[in-house]
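Below you'll find the structure, written out as structure tokens, and then a few comments.
Here, each number is a calculation from the coordinates, and none is a lab measurement. Computed from a prediction, not measured in an experiment: that's the story for all the values here. Neighbour counts are summed over all protein chains in view; Cβ atoms, including those assigned to glycine, are modelled from backbone coordinates with ideal geometry.
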Amino acid sequence: MFVPVKSNTGAMLPWEYLGAAADTYQAGQMLTVTGGKLTKLSAASTTTPPYLCMADVTAADGQVIPVTRVEGTFLYETTLSALTAEAKPGAKVQVAEDGLTVSQGAGNFELVDVEGTQKGDTVRGRFV
């Protein structure tokens, strides 16, 4: 799960309530917009997903759920989805298909702190 842990400006992320497609969402899951509704990622993302889910919720079609916009001025903490030998500060990785972790591959999540390279190890980074 992605957790916003620090802001470069000191500002807090405001919550928004937007309509979602029928599905089950998890707090800390990156979301995109398809057909005017929030949805899970359909594949690993090499670009910045626009929203971060802020609650565990099973939504009916069109139900509003709490989210924040993903900001490049925030530092986010998450985990590695698999062994990522290249995980080191300065490396850029992608948001994994689950929207909860990062994976090896061309992306724009720049690592700034890495606690290991094994699946489940904690990393921190920002979207650039």
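Suppose we keep just the DSSP beta bridges with both residues in region 3-69; what percent of those would be antiparallel, to 5? Walk me through the numbers before you get to the answer.
Values: 16 of 17 bridges.
Percentage antiparallel, nearest 5: 95.
Based only on other Cβ atoms within 10 Å, what is the fewest-to-most ordering of Met30, Met12, Met1? Present the calculation step by step, with values, prior to reporting the outcome.
Working: Met30 28, Met12 10, Met1 17.
Ranking Met30, Met12, Met1 by Cβ neighbours within 10 Å, fewest first, gives Met12, Met1, Met30.
Would you mind checking Lys6/Lys92; Lys6/Lys88; Lys37/Lys119 for any pair whose Cα atoms are more than 21 angstrom apart?
On the way: Lys6/Lys92 19 Å; Lys6/Lys88 19 Å; Lys37/Lys119 31 Å.
Beyond 21 Å between Cα atoms: Lys37/Lys119.
Report the Cα centroid-to-centroid distance between region 2-25 and region 33-54 in angstrom, as an integer.
12 Å
What does the charge count near Leu75 come to, summing +1 for each Lys or Arg and -1 for each Asp or Glu among other residues with Cβ under 13 Å from its Cβ? The partial results should precede the final answer.
Values: positive: Lys6, Arg124, Arg126; negative: Glu71, Glu77, Glu110, Asp113.
For residues surrounding Leu75, the net value is -1.
Could you give the dipole magnitude of the chain about its Cα centre, charging the beta-carbon of Lys and Arg +1 and that of Asp and Glu -1, in debye to the nearest 20? Display every interim value, and only then the final one.
Details: 9 positive and 13 negative charges, 46 e Å.
Result for the chain is approximately 220 debye, rounded to the nearest 20.
From the convex hull of the Cα coordinates of region 2-49, what is the mean projected area in square nanometres? It would help to have the intermediate numbers written out before the result.
Numbers: hull surface 17.5 nm².
Average of the hull's projected areas for region 2-49 equals 4.4 nm².
Please report the relative contact order for region 3-69, taking Cα pairs under 8 Å with a sequence separation of at least 6, and give it as a percent rounded to a whole number.
Working: 132 pairs, mean separation 28.5, N = 67.
It rounds to 43 percent for region 3-69.
What does the charge count near Ala44 come to, summing +1 for each Lys or Arg and -1 for each Asp or Glu among other residues with Cβ under 10 Å from its Cβ?
On the way: positive: none; negative: Glu97, Asp98.
For residues surrounding Ala44, the net value is -2.
What percent do you get for the relative contact order of the chain when only Cα pairs under 8 Å and 6+ apart count?
Here the relative contact order equals 27 percent.
Let me know the volume per residue of the alpha-carbon convex hull for the chain, in Å³.
Values: hull volume 11.4 nm³, N = 128.
Cα-based convex hull of the chain, divided per residue, equals 89 Å³.
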